[in-house]
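Read through the structure below, which is laid out as structure tokens, and then see the notes.
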Amino acid sequence: ASAVRDTIGRIKEFDKSMVGLGAILGQDVQNLGDLKDEIINVAGASLKTSNEVADLATVLITLGKSKAEVIQLLKPVNDLSIALGASSDDAGELLVQTLNAFGKGTESAVRFADVIAKMRTSTALDFERIKISLGFLSPTAKAVGLSFEETGAILGTLVDSGIKASRAGRLMSSSFIRIATSGGTLQGAIKEVQESQDKLVTSSKLFGVQGSSLGLILAENTDKINELTEGFNNAGGALNDLTERQLESFDAK
């Protein structure tokens with residue numbers, strides 16, 4: 001009797017979630033068949049229940065995504081939350097906001113999610129550090145011509161060198177603005193520091209006084225930045241691998 005009541009309760013809750021999704025999208029529940037199927041498919045292949053995935057769909061819609069975009073985003077966001085041990089809401093906000101910052105659509109969601117997973121496994125960046133640092137840096141990285149992969153490599157290099165993620169994101173963002181407004185490029189600024197006789201003075205001039213130490217780290221670690229960038233460019237499948245490792249625990253099984 002308890003099991004039956006629980007089952008009925010879950011069904012009612014899921015139906016209520018779908019009605020809510022329809023109301024937000026301005027569509028009848030009958031027109032949400034493809035979204036409903038994707039929610040059930042994603043939930044059936046993960047730790048999340050269909051009601052939890054339906055709640056994620058609601059979050060993505062409130063972030064301005066259409067029904068078609070939500071269908072594309074559900075699996076990568078759901079897997080990202082499992083792989084990085086984050087809530088679905090936080091994983092969704094991170095992925096959507098990062099895509100928006102770099103001017104990419106949901107067709108790039110899987111690639112970006114793979115890069116984030118690779119950042120987690122190849123640097124000292126965990127989910128919170130990635131979220132905080134990208135929150136500062138993503139909006140300005142595109143302004144100096146950086147790809148998402150290059151941005152991740154820079155953040156990973158700085159954090160691996162002992163710079164706190166929040167400080168790395170905040171100060172690099174200020175430095176990017178400084179370099180962009182002067183008409184320069186990040187690569188040019190790094191090269192100028194490398195070739196300078198007084199690297200600290202040159203870095204202070206180009207990256208700002210507070211960001212000078214970050215400029216020195218980047219100038220001294222170009223090989224690592226290039227190596228990480230190459231790894232991120234070839235990060236396909238990283239999210240799936242990390243998700244499967246997380247599902248190997250007894251609790252997950």
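When the chain is fully extended, how far beyond the present Cα-Cα distance does Gln194 get from Lys104, taking 0.36 nm per residue of separation?
Numbers: separation 90, 0.36 × 90 = 32.40 nm, distance 3.28 nm.
Extra length from Gln194 to Lys104 when fully extended: 29.1 nm.
For region 61-111, what is the relative contact order in percent, using Cα pairs closer than 8 Å and at least 6 residues apart in sequence? Write down the numbers at each step before the final one.
Values: 29 pairs, mean separation 18.4, N = 51.
This gives 36 percent for region 61-111.
Determine the dipole magnitude for the chain: charges of +1 sit on the beta-carbon of Lys and Arg, -1 on that of Asp and Glu, nothing else is charged, the reference point is the Cα centre, and the result goes in debye to the nearest 20. Please list the in-between numbers first.
Values: 26 positive and 32 negative charges, 120 e Å.
The dipole magnitude comes to about 580 debye.
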The chain: relative contact order as a whole-number percent, Cα under 8 Å and 6+ apart
17 percent
Length-normalised contact order for region 105-253 - Cα pairs under 8 Å, 6+ apart - percent
30 percent
Got a number for the accessible area of Val42? Probe 1.4 Å, square angstrom, nearest 10.
10 Å²
Ranked packing of 151-164, 191-204, most packed first, by mean Cβ within 10 Å:
151-164, 191-204
Count charges around Gly184 for me, please; just the other residues with Cβ under 13 Å from its Cβ, Lys/Arg as +1, Asp/Glu as -1.
+2
Per principal axis, descending, Cα span of region 160-218 in whole Å:
27, 24, 18
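Kirkwood hydrodynamic radius, region 111-193, all distinct C-alpha pairs: what's the number in Å? All intermediate terms of the calculation are to be shown ahead of the outcome.
Details: mean 1/r = 0.0784 Å⁻¹.
Every distinct Cα pair counted, the radius reaches 12.8 Å.
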Expressed in angstrom and rounded, the centroid-to-centroid distance over alpha carbons for region 158-225 and region 108-149 is 18 Å
Cα axis of helix 222-233 to longest principal axis of the chain: angle in degrees, 0 to 90, nearest 10?
20 degrees
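Looking at this model, which pairs from Lys75/Lys118; Lys12/Lys36; Lys75/Lys104; Lys36/Lys131; Lys142/Lys164; Lys67/Lys142 are more than 24 angstrom apart at the alpha-carbon?
Values: Lys75/Lys118 17 Å; Lys12/Lys36 14 Å; Lys75/Lys104 18 Å; Lys36/Lys131 29 Å; Lys142/Lys164 22 Å; Lys67/Lys142 27 Å.
Violating the 24 Å limit, Cα to Cα: Lys36/Lys131; Lys67/Lys142.
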What is the spread of the Cα atoms of region 145-253 along each of their three principal axes, largest first, in whole Å?
57, 24, 24
Test item: Cα-centred dipole of region 68-160, Lys/Arg +1 and Asp/Glu -1 on Cβ, debye
140 debye
How high is the FRET efficiency from Gln30 to Gln97, r the C-beta distance, R0 41 Å, rounded to 0.05?
0.80
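Pop out the carbon and sulfur fraction of the accessible area of the chain as a percent, whole number, probe 1.4 Å. Each step should come with its number before you reach the end.
Details: 6020 of 12330 Å².
Answer for the chain is 49 percent, counting heavy atoms of protein chains only.
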With axes computed from alpha carbons, what is the tilt in degrees of helix 165-181 against the longest principal axis of the chain, rounded to the nearest 10 within 0 to 90?
60 degrees
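Any chance you could tell me what percent of the C-alpha pair distances in the chain go past 25 Å? Don't jump to the answer; show the numbers that get you there.
On the way: 15537 of 31878 pairs.
Value for the chain: 49 percent of Cα pairs lie more than 25 Å apart.
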For region 201-210, what does the Karplus curve 6.51 cos²θ - 1.76 cosθ + 1.60, with θ = phi - 60°, yield as ³J(HN,Hα) per residue in whole Hz, taken in order and with x for Gly and Pro?
5, 5, 5, 5, 5, 8, 9, x, 4, 5
Against the longest alpha carbon principal axis of the chain, how many degrees, from 0 to 90 and to the nearest 10, is the axis of helix 33-44 turned?
80 degrees
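The values are calculated or read from the model by the stated rules, or taken from the named source; none is laboratory data. What you see is a predicted model, and the numbers here were worked out from it, not measured in a lab. Every residue, glycine among them, receives a Cβ derived from its backbone with ideal geometry; neighbour counts consider all protein chains shown. Areas reflect the complete protein model, heavy atoms only, side chains present, ligands, DNA and RNA absent. Shrake-Rupley method; radii C 1.70, N 1.55, O 1.52, S 1.80 Å.
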